[in-house]
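Okay, structure first, notes after.
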Amino acid sequence: MTLHNDSTMHLFEVIRWGNDTDDAFQGGPNGADTCFLVRADSVEQAAVLADHILGRGNGKLVNAWCEAIYLLGQDAGSERDARVLRGPYLQHAYCHGWRQWHRNSPDEGWQER
């Protein structure tokens, strides 16, 4: 889902619910979420970049693909390459009123909520 027709790059937080550590208090599907800060021109492009990294894990406790994406804003830099800027990092992902997209499987299209 391209957000604009121009060459503006966007900043997204790409999220997988939970994390794949076996820590009894912080791991698994109810633990801190696995997040990435991604510069991309579309929701789909941001997901592909994060899914590539998530797919390298063992995926025993949680999915090996991202489930939510939040639009944080526009990238004001001059670079136009899509890439993961930070991550994976673990934190509870909270949506602070940002535009957001979700999916229930890696083959499903992104639905804005």
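Could you check the stretch 90-104 and list, in sequence order, the residues that are within 16 Å of residue 18 (Cβ to Cβ) and either exposed (fewer than 14 other Cβ atoms within 10 Å of the Cβ) or of a type in the set (Ser, Thr, Tyr) (or both)? Within the stretch 90-104, 91, 92, 94, 104 meet the criteria. The criterion of being out of contact with any strand residue (DSSP E or B) (no Cβ under 6 Å at 6 or more places or on another chain) and at pLDDT 95 or above does not hold for residue 13.
Screening the stretch 22-62 for residues that are in a loop (DSSP other than H, G, I, E, B) and in contact with an Asp or Glu (Cβ under 6 Å, 6 or more places away or on another chain) and picking the one that is nearest to residue 93 (Cα to Cα) gives 62.
Total residues in the stretch 61-93 satisfying the condition of being under 17 Å from residue 32 (Cβ atoms) and modelled with pLDDT under 90: the figure is 1. Of all residue pairs spaced 6 or more apart or on separate chains, those with beta-carbon atoms under 7 Å, a first member in the stretch 59-79 that is at positive phi and a second member that is surrounded by 13 or more Cβ atoms within 10 Å (Cβ to Cβ) are 59/20; 73/11. Only residues that are assigned to a loop (DSSP other than H, G, I, E, B) and among the polar types (S, T, N, Q) were counted across the stretch 99-113, and they come to 2. Considering the stretch 18-46, the residues that are in contact with a strand residue (DSSP E or B) (Cβ under 9 Å, 6 or more places away or on another chain) and of a type in the set (S, T, N, Q) include one that is most open to solvent (accessible area, probe 1.4 Å), namely 26. Kindly check whether there is at least one residue in the stretch 9-16 that is part of a helix (DSSP H, G or I) and closer than 19 Å to residue 103 by Cβ. No, every residue in the stretch 9-16 fails to be part of a helix (DSSP H, G or I) and closer than 19 Å to residue 103 by Cβ.
The values are calculated or read from the model by the stated rules, or taken from the named source; none is laboratory data. Small disclaimer: the values here were computed from a predicted structure and weren't measured. Cβ sites come from the backbone with ideal geometry, for glycine too, and all protein chains shown count toward neighbours. Note: accessible area is taken over every heavy atom of the protein model, side chains too, but ligands, DNA and RNA are not part of it. Shrake-Rupley method; radii C 1.70, N 1.55, O 1.52, S 1.80 Å.
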